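**Student:** Below is one structure. I have some questions about it.
The values are calculated or read from the model by the stated rules, or taken from the named source; none is laboratory data. Note that the structure is a prediction, hence the values are computed from the model and not measured. We place every Cβ from the backbone using ideal geometry, glycine too, and count neighbours over all the protein chains shown.
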Amino acid sequence: MTIEVSLTSSAQETLRPRPVLRAGGLSLRRFLLLVLALTLLAIAADQLAAPILQTSTPLWAAAACLLLIWRRDELPSAFGDGAFEPALSKSRLAVFFAAHFLLILLARWMTSTFQPVAGMPTSAGTVIAAWKLTVLVPTLVLLPLSRSKELLAAYKHEIAAALVVLLTFSPWRILHAIWPWYGQLLCRFVYALAHFFVPGLGYTTALTPTVTGPDLDITILEGCSGMNGFELFGYLFGVVAFLDWNRIRKGRALFAYFAGLLAMVVGNALRITSFVVLGNHGFADFVLRFHLSAGWIFFSVLFLAYLSLTYGWMLKKVNAVVQPQQAE
């Protein structure tokens with residue numbers, strides 16, 4: 001009696017997608033895709049008809065949820081084997097479109113009042129930014145409240161991913177709010193690290209603080225905050241998550257996403273420190289010429305390095321199946 005391990009067939013079977021072909025799950029997915037498609041069209045119409053509502057965040061959040069639900073292989077079994085009734089009645093559609101129409105009328109009526117403070121890093125600007133997200137509220141009318149718990153359980157990961165996109169896709173407003181504090185912290189960190197390599201460095205406190213050196217002074221503006229790295233990381237990580245959505249461990253991916261944002265913050269501080277060190281060691285012209293274009297290259301390399309460290313950890317493990325066979 002011998003035991004042979006067959007890796008080829010078992011690994012292939014493990015790697016193949018195994019959708020749960022339940023009637024309820026299929027009709028639920030079609031229903032949600034239709035609801036999200038209607039949401040995207042309605043939001044786009046709102047922003048065209050009332051420009052004061054223009055913001056990309058709700059569009060990206062709805063699109064992310066739609067793409068991840070479409071991408072998912074294994075269909076939810078929360079609704080059992082019975083058919084799921086979409087309940088997308090004419091009355092629900094009428095209320096949905098009426099709500100968007102009222103939003104457009106209200107936005108156009110309040111444009112002259114909201115326009116002067118829209119986009120400003122003030123409390124009023126923040127309230128208006130939050131008000132723009134109300135374009136997502138009419139979508140709730142299309143969802144069957146009686147089965148909301150089952151719906152959330154079936155697609156909780158896709159909904160959570162959409163919320164992450166909604167909250168973190170455009171970090172510039174947060175940056176404007178915290179810049180007086182964050183800019184000082186960033187500049188002091190750069191100064192504390194760079195003074196070990198460059199004697200005679202100085203620090204000038206201001207809204208845009210400056211690290212002064214013998215050959216080159218580095219003034220840290222909001223454009224040096226690393227927000228471009230945040231956005232690039234979000235785009236690239238989103239592509240990876242979309243392509244590997246069926247194999248990825250959702251909890252680990254969420255942790256890796258926020259840890260990656262933190263890595264971009266630290267990496268940006270090290271990038272500025274390198275400018276101070278190189279600029280005050282005979283490379284001032286090089287730093288002045290390439291510091292903007294070099295940022296995209298630096299953040300891209302940093303993302304690839306981070307992904308190489310976390311990619312395998314985020315994916316689900318493929319276990320080999322041991323098949324006993326009797327020897328002749």
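**Student:** Residues that are surrounded by fewer than 17 Cβ atoms within 10 Å (Cβ to Cβ) and either farther than 23 Å from residue 192 by Cα or in contact with a Gly (Cβ under 7 Å, 6 or more places away or on another chain) (or both): does region 271-285 have at least one?
**Tutor:** Yes, region 271-285 contains a residue that is surrounded by fewer than 17 Cβ atoms within 10 Å (Cβ to Cβ) and either farther than 23 Å from residue 192 by Cα or in contact with a Gly (Cβ under 7 Å, 6 or more places away or on another chain) (or both).
**Student:** Just checking, does region 96-112 include any residue being part of a helix (DSSP H, G or I) and at pLDDT below 90?
**Tutor:** Looking for residues that are part of a helix (DSSP H, G or I) and at pLDDT below 90, one finds at least one in region 96-112, hence yes.
**Student:** Okay, next question. Give region 198-231 a look and list any residue that's outside any loop (DSSP other than H, G, I, E, B) and either over 30 Å from residue 315 (Cβ atoms) or modelled with pLDDT of 90 or more (or both), or say none.
**Tutor:** Residues satisfying the conditions are 202, 203, 204, 210, 211, 212, 218, 219, 222, 223, 224.
**Student:** Which count do you get for residues in region 164-190 that are assigned to a helix (DSSP H, G or I) and either hydroxyl-bearing (Ser, Thr, Tyr) or at pLDDT 85 or above (or both)?
**Tutor:** Of the residues in that region, 15 qualify.
**Student:** In region 125-148, which residues are more than 25 Å from the chain's Cα centre (by Cα) and free of Cβ contacts under 8 Å to residues at least 60 places away in the same chain?
**Tutor:** Of everything in region 125-148, those that are more than 25 Å from the chain's Cα centre (by Cα) and free of Cβ contacts under 8 Å to residues at least 60 places away in the same chain turn out to be 141, 144, 145, 146.
**Student:** If you don't mind, another one. Of all the residues that make up region 244-266, how many are touching a residue at least 60 places away in the same chain (Cβ under 8 Å), out of contact with any Leu (no Cβ under 8 Å at 6 or more places or on another chain) and surrounded by fewer than 19 Cβ atoms within 10 Å (Cβ to Cβ)?
**Tutor:** Qualifying residue count for the region: 5.
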